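Have a look at the structure below before the remarks.
The values are calculated or read from the model by the stated rules, or taken from the named source; none is laboratory data. Since the model is a prediction, treat every value here as computed from it, not as a measurement. We place every Cβ from the backbone using ideal geometry, glycine too, and count neighbours over all the protein chains shown. Quick note on the areas: whole protein, heavy atoms, side chains included, nothing else; ligands and nucleic acids left out. Shrake-Rupley method; radii C 1.70, N 1.55, O 1.52, S 1.80 Å.
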Amino acid sequence: MSTKIESGVRQIPYSQQRVYDMLSDLNNIEKVKDRIPEDKVKGLTFDHDSISVSVPPVGGIEMRIIEREEPKCIKFETTNSPMPFNFWIQILPVTEESSKMRLTVKADVNPFMAKMVEKPLREGIEKIAEALAMIQY
């Protein structure tokens with residue numbers, strides 16, 4: 001069974017292209033990693049295409065970018081995770097200097113697990129969306 005969770009839409013006061021350019025190169029995490037709470041995320045490592053992090057109590061998660069659709073979508077898949085999932089960031093233009101963003105997670109889990117993981121996944125994706133909306137692109 002596939003569980004799909006979408007974040008709320010976030011308004012970003014930067015152009016679609018600027019947001020895409022920043023988020024499509026994971027090396028840019030360096031610019032914002034001091035804002036990530038240490039108690040929430042440990043062992044953060046990244047390069048151009050992949051990110052690895054330990055999230056208590058979940059454990060280690062590794063993701064890599066599998067598709068870039070400039071300037072509107074970046075798709076990730078897990079390469080190591082207690083629960084395999086895909087994750088994508090959609091960026092749409094609003095004006096020349098503003099855009100909006102939505103995050104989506106799709107996980108293949110059995111119906112029993114779906115009930116257990118839906119709330120934490122929804123909360124997690126909303127926190128990530130909120131953090132991404134606050135970045136200065």
Notebook entry, point to check: On the accessible surface of the range 6-45, probed at 1.4 Å, how many percent belong to carbon and sulfur atoms?
Noted result: 52 percent
Notebook entry, point to check: Looking only at THR45, THR104, THR95, which one moves most when the chain is put into a Gaussian network model with springs between Cα atoms under 10 Å?
Noted result: THR95
Check: Karplus couplings for the range 9-15 from phi (6.51 cos²θ - 1.76 cosθ + 1.60, θ = phi - 60°), rounded to Hz, Gly and Pro as x?
Finding: 7, 10, 7, 10, x, 9, 5
Checklist line | Helix 111-133 axis, angle to the chain major axis (alpha carbon atoms, nearest 10°) | finding: 20 degrees
Next item on the list: Go through ARG35, ARG68 and list them by solvent-accessible area, largest first, probe radius 1.4 Å.
Entry: ARG35, ARG68
Item checked: Lys/Arg +1, Asp/Glu -1 at C-beta; the chain dipole; positive extreme among PRO120, ASN27, ALA107 -> PRO120
Check: For the chain, what are the per-bin percents of Cα-Cα distances with bins 10 Å wide, up to the bin holding the maximum?
Finding: 12, 43, 36, 9, 0
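Would you mind working out the accessible area per residue for the range 94-137, using a 1.4 Å probe, and quoting it in Å²?
Spelled out: the 1.4 Å probe surface of the range 94-137, per residue, equals 64 Å².
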Note to self: Quick check: the distance between the Cα centres of the range 1-37 and the range 87-101, to the nearest angstrom?
What the structure shows: 10 Å
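Can you show me the helix-derived [θ] at 222 nm for the chain, built from DSSP H runs with n ≥ 4 at -39,500 (n - 2.57) apiece and divided by the number of residues, rounded to the nearest 500.
Helices in the chain give a 222 nm mean residue ellipticity of -7500 deg cm²/dmol.
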Next item on the list: Could you pull out every residue, at least 5 positions away or on a different chain, whose amide H is within less than 5 Å of the one on SER98? Hs are placed 1.01 Å off N in the peptide plane, and Pro or chain starts have none.
Entry: GLN16
Next item on the list: Could you tell me the accessible area of GLU97 in Å² (1.4 Å probe, neighbours in place), rounded to the nearest ten?
Entry: 110 Å²
Next item on the list: May I have the count of lysine pairs in the chain with C-alpha atoms under 19 Å apart, counting pairs 8 or more residues apart or located on different chains?
Entry: 23
Check: Looking only at ASP34, ASP108, ASP21, which one moves most when the chain is put into a Gaussian network model with springs between Cα atoms under 10 Å?
Finding: ASP34
Note to self: What distance in nm lies between label points placed 7 Å from Cα along the C-beta direction at MET1 and VAL55?
What the structure shows: 2.1 nm
Checklist line | GNM result for the chain, Cα springs below 10 Å: residue of ASN28, ASN86, ASN110 fluctuating most strongly | finding: ASN110
Checklist line | Calculated FRET value between MET113 and GLN136, using beta carbons and R₀ = 41 Å, to 0.05 | finding: 0.65
